[in-house]
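Input: a single structure, listed below in structure tokens.
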Amino acid sequence: MPANTTPIFPATPYAVNGSLAAVSACTTRAPTATASLAAANIFILVPTSTNGVRIDQIRVKGCSSSITAATAAQQVQIWVHDGTTAYLYDELLVTATTPNTTTTASFLLEKSYSNLVLPSTWSLYMSTTVATTASTTALEVQAFGGLY
């Protein structure tokens, strides 16, 4: 079969939000079987799709219920899941940031990807290396891209 030489573009824009508020820390970087994801504190971000999804950007934002609560230094881990096992794909560094109401915004990190394409049976998961609470160190993770 010859290679596809025609560009393929996403059919629909894609955006999804995931919460890392009031979650326990993930303490592994090892491949993790589906049955062990919840126990390892690894949570779904991008579910499987009919024809696959391309992720162009992941965004991490401090989102505590207290407007001046500091973000804890930690890592947000991004996992690719092939339907059987989740594999650590990336680690996004979160820095301690103390926002206020006038001059300092809450923590924000945006990371772009040029080749994060998930087949239809694959999904994307997330975790954090430090336990969070809703009122102080909560994080929101967003993924943007396109559905095929």
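Straightening the chain between Asn100 and Gln142 buys 12.8 nm, computed as 0.36 nm per residue apart minus the Cα-Cα spacing. Given contacts defined as C-alpha pairs under 8 Å and at least six residues apart, what's the relative contact order of the stretch 60-112, whole-number percent? Contact order relative to length: 42 percent.
Along the Cα-to-C-beta direction of Ala134, a point sits 7 Å from the Cα; which residues of the stretch 64-107 have their amide N less than 19 Å from that point? Of the residues in the stretch 64-107, 64-72 have backbone N under 19 Å from the label point off Ala134. At most 14 other Cβ atoms within 10 Å and a DSSP loop assignment: could you name the trypsin sites (Lys or Arg not before Pro) in the stretch 1-68 that fit? The qualifying sites are Arg29. For the pair Ala25 and Val117, label points projected 7 Å from Cα toward Cβ lie 3.8 nm apart. Of the Cα atoms belonging to the chain, the radius of gyration and Dmax stand at 16.5, 60 Å. Under the criterion of Cα pairs below 8 Å and six or more residues apart, the relative contact order for the chain equals 44 percent.
The local environment of Thr129, defined by Cβ-Cβ distances under 12 Å, has a net charge of 0 under the rule Lys, Arg +1 and Asp, Glu -1.
Every number in this text was worked out from the coordinates using simple rules, so none of it is lab data. Predicted, not measured: the structure shown is a model, and the values here were computed from it. Here Cβ is always computed from backbone atoms with ideal geometry, including for glycine, and neighbour counts include all displayed protein chains.
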